[in-house]
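Chemist: Mind looking over this structure? Questions follow.
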Amino acid sequence: MDNQVVKLAKETLARHKALAEELSDPNIYSDQRRYAEVAKEHARMRRGAEMSQELLDAIEEGGEARELIPTAETAEEREFFAEEAQTAEQKAEELTEKIRTELVDRDPSDDKDVIIEIRAGTGGDEAALFAGELQEMYSRYADRLGFKHRTLSSNPAEVGGYKEVVVEVEGDGAYSVFKHEGGTHRVQRVPKTESQGRIHTSTATVAVMPEAEDVEVEVAQNDLEIDVYRSSGPGGQSVNTTDSAVRITHKPTSLVVTCQNEKSQLQNKEQAMRILKSRLLEREMQERAKQQGEMRLAQVGSGDRSAKVRTYNFPQGRITDHRVGVTSHNLEATLGGDLEEFTRALSAKERADKLAAGANGDGAAG
């Protein structure tokens, strides 16, 4: 039996119980921020607490059955107690692995909604068209999983596609599904404008951020510079007769977010604040894990053709993920939102890397 997991199970149960007691105290409702924090943590820990209780019960049952074996008066009784002990111990072993995955290896951001930023990289018009195709691929993948999605901000290109587009995906475990998509995506194909049939290589960069909640990121109003202006479409033509577009600058970090997708200034301001808070949360997470290179800057890289996490080869109908060596020959289905094969392989790699880090004494993440 893994004593580390048993200890963690006891600590998890104690923490879950303490949170439940705090939630039952009527005084907590006077502090809505604290109530939201406690309620969120209590809900997040529920599954782990249930498995922890099952594990401790199985260990106790196995121990009791073992103690009864010497007291058995017949061979049948001894066999019965031995089988009871073996069943309980097998259950405990299975639960140990589940708890290790749930509590030790799990990324604390996995349950969050997600914000995906897609930008055209190297390749001009082709890169913008490819960025649009990636946006459609992620939207279709979200649809397949029953997640909600919407465009928070976009800068369309004249030829189609996007110079930049920001998408929000809402759903249970959305970040755990999309977090591995971050990085430089490379496309190889013959552009429609290519008269000699030569294959060109273009890129788009993807950054994936867990959506920040108000209880996690506090932004002082004095730290913000908010400008409003008239919305514009491709080529700079005005698409709105009122100053509804919003640009927010976070002065301490110099982060700038613009939003013009919504018709009202208030809606655009709300969207921009959501993106800004997620970028600030991601920045904080990046500072906590500089060596892991998990978040936006490490994901995006330089945007060069040579820096890539996945290649989409149209002439051969092939997609290769270079991080896990997985190749699919069904390009059309993948762009249609069938990304499960890649998600499974990348999640397995993440788990293997964490287990290896733990075995090397670095400790598991999460």
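Chemist: Pairs needed: first member in region 35-60, without any contact (Cβ under 8 Å) to a residue 40 or more places away in the chain; second member anywhere, surrounded by 15 or more Cβ atoms within 10 Å (Cβ to Cβ) and of a type in the set (Gly, Ala, Ser); C-beta distance under 7 Å; at least 6 residues apart or different chains.
Modeler: Ala58/Ala88; Ala58/Ala92
Chemist: Which condition does Gly132 not pass, out of (1) at pLDDT 95 or above; (2) at positive phi, if it passes all the others?
Modeler: Only one criterion is unmet by Gly132, namely (2).
Chemist: Something else now. List, please: which pairs have Cβ atoms under 6 Å, are six or more places apart or on different chains, and start with a residue in region 98-127 that is closer than 19 Å to Gly182 by Cβ and modelled with pLDDT under 85 and end with one that is of a type in the set (S, T, N, Q) and surrounded by fewer than 21 Cβ atoms within 10 Å (Cβ to Cβ)?
Modeler: That search, which allows pairs on different chains as well, returns Asp110/Ser176.
Chemist: State which residue is nearest to the chain's Cα centre (by Cα) when the search covers only region 157-173 and only residues that are in contact (Cβ under 8 Å) with a residue 60 or more places away in the chain and within 14 Å of Cys259 (Cβ to Cβ).
Modeler: My answer is Glu168.
Chemist: Tell me which helices (runs of 4 or more DSSP H) are completely within region 1-106 and hold 3 or more residues being touching a Ser or Thr at 6+ places or on another chain (Cβ under 7 Å), or say none if there are none.
Modeler: 3-23, 32-68
Chemist: While we're on this one: Any chance you could count how many residues in region 136-167 are among the charged types (D, E, K, R) and within 25 Å of Arg323 (Cα to Cα)?
Modeler: Within region 136-167, residues that are among the charged types (D, E, K, R) and within 25 Å of Arg323 (Cα to Cα) number 4.
Chemist: Which one is surrounded by the most Cβ atoms within 10 Å (Cβ to Cβ) among residues in region 331-343 that are touching a strand residue (DSSP E or B) at 6+ places or on another chain (Cβ under 9 Å) and under 14 Å from Tyr141 (Cβ atoms)?
Modeler: Within region 331-343, the match that is surrounded by the most Cβ atoms within 10 Å (Cβ to Cβ) is Thr334.
Chemist: Does any residue of region 30-37 turn out to be of a type in the set (A, V, I, L, M) and either buried (at least 16 other Cβ atoms within 10 Å of the Cβ) or farther than 25 Å from Asp111 by Cβ (or both)?
Modeler: Our first condition is that a residue be of a type in the set (A, V, I, L, M); within region 30-37, this holds for 36.
Now restrict to residues that are either buried (at least 16 other Cβ atoms within 10 Å of the Cβ) or farther than 25 Å from Asp111 by Cβ (or both): none.
No, because not a single residue in region 30-37 is of a type in the set (A, V, I, L, M) and either buried (at least 16 other Cβ atoms within 10 Å of the Cβ) or farther than 25 Å from Asp111 by Cβ (or both).
Chemist: In addition: Please verify whether Arg47 is within 38 Å of the chain's Cα centre (by Cα) and within 27 Å of Glu97 (Cα to Cα), treating the condition exactly as stated.
Modeler: Against the criterion (within 38 Å of the chain's Cα centre (by Cα) and within 27 Å of Glu97 (Cα to Cα)), Arg47 qualifies.
The values are calculated or read from the model by the stated rules, or taken from the named source; none is laboratory data. Computed from a predicted structure; not experimentally measured. Using ideal geometry, Cβ is built from the backbone for each residue, glycine included, and neighbour counts are taken over all protein chains shown.
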